[in-house]
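J.: I'd like to ask some things about the structure below.
The values are calculated or read from the model by the stated rules, or taken from the named source; none is laboratory data. Fair warning: this is a prediction, and the values are worked out from it, not measured in the lab. We place every Cβ from the backbone using ideal geometry, glycine too, and count neighbours over all the protein chains shown. Ligands, DNA and RNA are excluded from the accessible area calculation, which covers all protein heavy atoms including side chains. Shrake-Rupley method; radii C 1.70, N 1.55, O 1.52, S 1.80 Å.
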Amino acid sequence: AGEALHFTLAMRNPSSSIEAVPLWDVSLRAGAAPGAAVLERSFDVGGYNAYEHVEVAGIYGVTQEIGSKFNFIRITFKMPVPLPEGGFLVVISPPEYRLLTEGFTTDNLPTFSALSLPDASDESSIAAGLSAAQLRNPRQLNISVPNGMKANRYYAFRFGVENPSAQQEDVERVPWELWGYAATYSRVVAANLRIPDFTLEARFEKVSVLPSSVAPEKALNVVEVQFMLASSPLTVIRTPSQHDLASVILTMPAGFRLAAGNISGAFSCVLDSRVLGLSADVSDLATASDLSPLPPGSGCRAVSERELAVDVNETLLQGRIGAPWRRP
């Protein structure tokens, strides 16, 4: 008596959502034989409800840069069943994102759809001096849909987002969620809990390109590239059983090309940290003593006549400056 009992069973959910919360009967009997005495029984135990699956055609981030505070996301989706009048949509982001009320647009959501913020008029909120925006979960965005939504029709809306300050490892990545609720959040109509996250990209804090000559059609111009990783290190795994490579890709503007005779894979680069440009140019990014050479064993290869890859076999640290050279 007084001990909590737990058990697990396999069950097939109903084929469609049920309007009311399903009620279960639970009884504890003295044995498995028919007619065994009932020791304990509970009627009308509120259980979980099955819901339909929302089809999400895509979630698109305008800026996929790590740490960006000015990203805008667009979600395109289709409800499998109508969303009742007075219903709500709820977006839940993966950890470390911050969903913003600024920049919200309804696109083709039904008329009068709008953000729904928490009620800040209760006494405790007033006493604490909290606004509706401060009460809101930063990972969650609620949208009221007074006129409901039709089934099997694509809808879209957009909102502002602050991206995480670091890239998530694949094993740590959590999907986005989109929920459709009936009025007063009384029932889940449909949901999708496995919307894949878009990939975030680390950024360079600074990049400097320093030429030895700016004369047109210079045959043997030598260009030094300096860069600093800002958002995260470029990790390269080196173990007895795994030897990864990472690449820094340099794409030149139209009209520039690598030196003739070097567009066949291997390419001649000087990967030390000598300063080629004028001191005034170097001071924009670093002094000569601040520059770090790329790791030993790094090499260059021509991807195309306008694209150069610098392959590195050791991790590049965040905040350190490297200076590969190339011949255009």
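J.: Could you tell me which residue of the stretch 161-176 is nearest to the chain's Cα centre (by Cα), considering only residues that are modelled with pLDDT of 90 or more and buried (at least 19 other Cβ atoms within 10 Å of the Cβ)?
T.: Residue satisfying both the conditions and the ranking: Trp176.
J.: Kindly list the number of the only condition in (1) at pLDDT below 85; (2) more than 22 Å from Pro80 (Cβ to Cβ); (3) loosely packed, with under 10 Cβ neighbours inside 10 Å that fails for Ser15.
T.: Against the list (1) at pLDDT below 85; (2) more than 22 Å from Pro80 (Cβ to Cβ); (3) loosely packed, with under 10 Cβ neighbours inside 10 Å, Ser15 comes up short only on (2).
J.: I've got another one for you. Give the stretch 177-199 a look and list any residue that's more than 18 Å from the chain's Cα centre (by Cα) and free of Cβ contacts under 8 Å to residues at least 60 places away in the same chain, or say none.
T.: Ser186
J.: Do you know which of the residues in the stretch 78-107 that are over 22 Å from Ala183 (Cα atoms) and of a type in the set (A, V, I, L, M) is least open to solvent (accessible area, probe 1.4 Å)?
T.: Leu99
J.: So how many residues does the stretch 53-77 have that are open to solvent by less than 40 Å² (accessible area, probe 1.4 Å) and at pLDDT 80 or above?
T.: Number satisfying all stated conditions: 10.
J.: Separate question: Tell me the residue from Ser124, Ser144 that is hydroxyl-bearing (Ser, Thr, Tyr) and at pLDDT 90 or above, please. Walk me through how you get there before you give the answer.
T.: On the way: Ser124 fails: at pLDDT 90 or above.
Of the residues listed, the single one that is hydroxyl-bearing (Ser, Thr, Tyr) and at pLDDT 90 or above is Ser144.
J.: A further question on this structure: Condition first: modelled with pLDDT of 60 or more, in contact with an Asp or Glu (Cβ under 6 Å, 6 or more places away or on another chain) and in a strand (DSSP E or B). Can you find one or more residues in the stretch 260-278 that meet it?
T.: No, because not a single residue in the stretch 260-278 is modelled with pLDDT of 60 or more, in contact with an Asp or Glu (Cβ under 6 Å, 6 or more places away or on another chain) and in a strand (DSSP E or B).
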